[in-house]
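Written out below as structure tokens is the structure these notes cover.
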Amino acid sequence: MKTFRSKLFFAIITLIIAVLLCLGLLLGQLFKSYYINVIDERLSKEIQLVAGQIEEIGGIEQLTQEKVDQFANWLGVNVTIANANDRVIFDSVNKEIQMKNRKTINEILGAADSDEQAGKVVGDDYHYFWKELNEGTNSYYLFLSAEIDEVKSGYSQIWWILIICLSLALILIIFLGAAITNRYTRPIDSATRVAIELAKGNYRARTYDNDVGEAGKLNSSINILARNLQDMEKSREMHQDRLSTLIENMGSGLILIDSKGYINLVNRTYREVFHADVTEYMDELYYNVIEYKEITELIEELFMTEQKVRKQIQILIGIHRKHFEVYGVPIIGTNDVWKGVLLVFHDITEIKKLEQVRRDFVANVSHELKTPITSIKGFSETLLDGAMDDQDALNQFLTIILQESERLQTLIQDLLDLSKIEQQGFHLSIQEVNIIGVLNEVVMMVKRRAEEKEITIDYKCEDEIIEMEADVNRIKQIFLNIVSNAISYTPNEGKVSIRVTEDQQKVYIKIIDTGIGIKESEIPRIFERFYRVDKARSRNSGGTGLGLAIVKHLLEAHKGLISVESKSGKGTAFLLTFYKKLPDSE
């Protein structure tokens, strides 16, 4: 804006200077013409006066040099009288000027027409007026000449006056021009500065709108525009924040690809699920950075068909297999302009797992219920067919029916317990429990089974009392399940060890057996319903496959942890960790 102001100011000053120069030249010429005209009029009158004086004194014959000099002094001009033969009779100037005058006079007489009685000649330094005087038969010529130097001197003074006046006027005009320019360019300057700030995105910029007239209207309009832009920017930022928050925090992965195949947007869920680095993904071609063939094929299908796609895909991410329901849609702008594709990844892995668990649960429960029911039905039919008359067979079959009934009852009870534990409203009956006393009761309960298999139970604890907050019945159920499993999966003459330690906040119970062990690949699955490491032995021992699932849920209810260490053929160790004071009750 300073450049505009400077240009405007200098343009005005240049124009004014040009006008003043032209005006000065015009005035100078007018003054010069005026002075010359004045001199010429004076000379024309004075030559008539001198001619009359000469005539009064008796003509040229009575004229003397002194009289000529007197005329020259009176009038302030040069007086020269010549005869018809170009000879100067009288002259009032010095010899140097006289020679020059004579030359000019000769030229005048030579160029003058015989009929001309008077005339005027303008020379370089003098103005000449001449008049013919006739005395009888003789003709004489009277010349009056005035120096132009006087005119030049007056002309120079006029120019100095003009220069001084015009300079003062110019200085005054410069100050007034600067003030006027500043007055009218300041609102434009302010408006331009605010417009530049608005173009940069600074919508808080404002200009002063105190001015009236067109400049005031301009500033007011710019301020209104700035306020509207600021409101629009706030609204846009608010919508952008909402949209960004929604996109980043939505539970499904999202990826946006433009019409050329470059990735423009990847949300946080997608990055977390697929372990993607946003710096490697952004503004890159999708097939160069997405390493999963299933996804790239789906994107290619979207680009080729330009139709919505909804598919379920299965992807191996690291060591985990994930299931996704992918919804892909082409982005079509106005006038059917192709802008790219959008893909949304819904993680349905847990749903698939639940479906699989449901199927496995139904299959396992059906199988577990079918076996004892089939046995009971078969032996009952055999007895009804006549086997009841044989006392030995009767006793044997009834014993088997009783065992299968007990197994069926145990299975149903475990199912009821597991269902109750998994319910959302399940609550523990928390109280202070001596964990040592509970373990003593569990050891007494399994002692007979251990003696039958000649298994040694090594139970050691440094303290007699270790108290913690727990549900005594559920804790007993946890220990009984694990110790019973240890005895069941340990061969005859084996050993089961129980170790109890504590610190200020936690209690640690470690149960170790010398049984068949668990393969490393099977350890993650041992807490699933109906999963058995050795199915034949479990069924023969009356196990339902639900014990460790119950143990896991009861430990989680107590905010505890369980870890397993095992080697196939060498035994298994379960480490249970309990809080002495439950975190929720603190």
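The values are calculated or read from the model by the stated rules, or taken from the named source; none is laboratory data. From a predicted model like this one, the values you see are computed outputs, not experimental measurements. Heads up, the Cβs are rebuilt from the backbone with ideal geometry, glycines too, and the neighbour counts pull from every protein chain shown. To get the accessible areas, we keep the full protein, side chains included, count just its heavy atoms, and leave off ligands, DNA and RNA. Shrake-Rupley method; radii C 1.70, N 1.55, O 1.52, S 1.80 Å.
For segment 239-259, the criterion of being surrounded by 15 or more Cβ atoms within 10 Å (Cβ to Cβ), among the acidic types (Asp, Glu) and touching a Pro at 6+ places or on another chain (Cβ under 6 Å) is met by no residue. The set of residues in segment 346-365 that are β-branched (Val, Ile, Thr), surrounded by 14 or more Cβ atoms within 10 Å (Cβ to Cβ) and at pLDDT 75 or above comprises 348, 349. The set of residues in segment 268-290 that are loosely packed, with under 12 Cβ neighbours inside 10 Å, in a helix (DSSP H, G or I) and modelled with pLDDT under 85 comprises 279, 280.
Would it be correct to say that residue 343 is surrounded by 13 or more Cβ atoms within 10 Å (Cβ to Cβ), closer than 18 Å to residue 261 by Cβ and within 27 Å of the chain's Cα centre (by Cα)?
On the way: surrounded by 13 or more Cβ atoms within 10 Å (Cβ to Cβ): yes; closer than 18 Å to residue 261 by Cβ: yes; within 27 Å of the chain's Cα centre (by Cα): yes.
Spelling it out, residue 343 is indeed surrounded by 13 or more Cβ atoms within 10 Å (Cβ to Cβ), closer than 18 Å to residue 261 by Cβ and within 27 Å of the chain's Cα centre (by Cα).
When residue 341 is tested against (1) assigned to a helix (DSSP H, G or I); (2) farther than 30 Å from residue 406 by Cβ; (3) touching a residue at least 60 places away in the same chain (Cβ under 8 Å), just one condition goes unmet, and that condition is (1). Scanning segment 328-342 for residues that are out of contact with any Leu (no Cβ under 7 Å at 6 or more places or on another chain) and modelled with pLDDT of 85 or more gives a single hit, 339.
Filtering 297, 368, 325 for residues that are out of contact with any Pro (no Cβ under 8 Å at 6 or more places or on another chain), at pLDDT 85 or above and in a helix (DSSP H, G or I) leaves a single hit, 297. From the list 564, 507, the one residue that fits, being crowded, with 17+ Cβ neighbours inside 10 Å, at pLDDT 85 or above, in contact with a Ser or Thr (Cβ under 9 Å, 6 or more places away or on another chain) and in a strand (DSSP E or B), is 507. Inspect all residues belonging to segment 374-383 and state whether any of them is under 30 Å from residue 527 (Cβ atoms) and basic (Lys, Arg). Looking for residues that are under 30 Å from residue 527 (Cβ atoms) and basic (Lys, Arg), one finds none in segment 374-383, hence no. Quick check on segment 479-502. Is at least one of its residues among the small types (Gly, Ala, Ser), surrounded by 13 or more Cβ atoms within 10 Å (Cβ to Cβ) and under 18 Å from residue 559 (Cα atoms)? No, segment 479-502 has no match at all.
Of all residues in segment 441-472 being over 29 Å from residue 581 (Cβ atoms) and without any contact (Cβ under 8 Å) to a residue 12 or more places away in the chain, which is nearest to the chain's Cα centre (by Cα)? The selected residue is 447. For segment 159-181, what are the residues that are at pLDDT 70 or above and open to solvent by less than 70 Å² (accessible area, probe 1.4 Å)? 159, 162, 166, 167, 169, 170, 173, 174, 177, 178, 179 - these are the residues of segment 159-181 that are at pLDDT 70 or above and open to solvent by less than 70 Å² (accessible area, probe 1.4 Å).
In segment 460-468, is there at least one residue being basic (Lys, Arg) and either at pLDDT below 80 or farther than 27 Å from residue 561 by Cα (or both)? Yes, the conditions are met somewhere in segment 460-468.
Restricting to helices (runs of 4 or more DSSP H) lying wholly in segment 1-111: which have 3 or more residues that are at pLDDT below 75, open to solvent by less than 30 Å² (accessible area, probe 1.4 Å) and within 30 Å of residue 168 (Cα to Cα)?
Because the criterion is at least 3 residues that are at pLDDT below 75, open to solvent by less than 30 Å² (accessible area, probe 1.4 Å) and within 30 Å of residue 168 (Cα to Cα), the helices (runs of 4 or more DSSP H) in segment 1-111 that meet it are 2-56.
Against the conditions (1) within 23 Å of residue 248 (Cα to Cα); (2) open to solvent by 60 Å² or more (accessible area, probe 1.4 Å), residue 337 satisfies every one except (1).
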